[in-house]
Amino acid sequence: MLKINVLVVILIFIVLACDNKEKEKPAADIDEIIDPLSQRLGYIGEIFYEDGDTIYHQISPFGLTNQHGDTITHKTVEGKIYLADFFFTSCGGQCPHMTAALKRVQQNCKDIDFLILSHTIDPKRDTAETFIRYIEKYGLDDYNWHFLTGDQMYIKGLGEESYLAVSGIDAETKGVGDLHSPHLYLIDKNRHIRGVYDGTDSKEVDKLIEDLRLLASQK
């Protein structure tokens with residue numbers, strides 16, 4: 001009888017040990033529930049710490065005019081993901097490739113709610129009419145795409161200070177110099193830069209599409 005009781009006690013300890021291991025298992029697998037966004041997309045630009053809080057670089061408030069004569073501001077993109085670039089319509093170098101890249105992103109992400117802001121660095125020549133001709137030339141759909149113009153120095157400052165991008169025209173060559181970034185910028189709903197991609201590299205554009213989808217999947 002004593003042997004049977006000892007056996008029962010041993011079996012109880014084994015069952016309890018197994019049960020504890022099952023309860024501890026989720027803690028061991030905590031890495032599996034980490035937000036995939038934080039693993040894939042960081043924050044680009046300076047990071048400040050204020051009273052223990054982290055403050056990320058943010059696109060400054062802005063106001064520009066689009067191809068339809070509408071005023072587009074930071075309020076327009078409030079709570080929205082958007083892509084941005086700097087170009088000019090008479091550019092014969094990288095600009096057509098960047099525009100084609102944004103067109104491909106747009107066509108592959110029609111199920112996502114996002115905007116595209118293309119800032120001209122040559123506002124003296126890039127008027128609303130010029131933008132419309134450019135849109136027609138490249139067969140673009142501007143339902144979510146704003147081609148923006150404004151004061152030249154204002155746009156240059158916006159590009160350099162907010163997007164950390166080269167965004168000016170070579171004064172010595174009177175606009176011939178293609179002095180602007182070939183990059184496409186992925187901006188989150190809080191106007192933080194989450195990704196920078198070479199708009200002339202198809203693999204980089206593929207990555208932009210993946211990252212845009214990942215960012216859009218987050219609530």
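The values are calculated or read from the model by the stated rules, or taken from the named source; none is laboratory data. As the structure is a prediction and not an experimental result, all values here were calculated from the model. Heads up, the Cβs are rebuilt from the backbone with ideal geometry, glycines too, and the neighbour counts pull from every protein chain shown.
Which one of Gly52, Gly79 is on the phi > 0 side of the Ramachandran plot, at pLDDT 85 or above and not β-branched (Val, Ile, Thr)? Don't jump to the end; show me each part of the working.
Numbers: Gly52 fails: at pLDDT 85 or above.
Exactly one of Gly52, Gly79 is on the phi > 0 side of the Ramachandran plot, at pLDDT 85 or above and not β-branched (Val, Ile, Thr), namely Gly79.
Restricting to region 190-206, and then to whatever is surrounded by fewer than 16 Cβ atoms within 10 Å (Cβ to Cβ) and not acidic (Asp, Glu), can you tell me which residue is farthest from Ile47 (Cα to Cα)?
The qualifying residue farthest from Ile47 (Cα to Cα) is Ser202.
Condition first: over 19 Å from Tyr185 (Cα atoms) and within 23 Å of the chain's Cα centre (by Cα). Now tell me which residues in region 90-137 satisfy that.
Asp111, Ile135 - these are the residues of region 90-137 that are over 19 Å from Tyr185 (Cα atoms) and within 23 Å of the chain's Cα centre (by Cα).
Within region 171-194, take every residue that is over 27 Å from Gln107 (Cβ atoms) and either among the polar types (S, T, N, Q) or in contact with an Asp or Glu (Cβ under 8 Å, 6 or more places away or on another chain) (or both) and give me the one that is modelled with the highest pLDDT.
Leu179
The conditions are (1) modelled with pLDDT of 95 or more; (2) more than 28 Å from Ile47 (Cβ to Cβ), and Gln152 fails exactly one of them. Which is it?
In the conditions (1) modelled with pLDDT of 95 or more; (2) more than 28 Å from Ile47 (Cβ to Cβ), Gln152 misses (1) alone.
Could you list, in sequence order, the residues of region 91-147 that are part of a helix (DSSP H, G or I) and β-branched (Val, Ile, Thr)?
Thr99, Val105, Thr130, Ile132, Ile135
If I filter region 46-73 down to residues being part of a loop (DSSP other than H, G, I, E, B) and exposed (fewer than 14 other Cβ atoms within 10 Å of the Cβ), which single residue comes out as farthest from the chain's Cα centre (by Cα)?
Asp51
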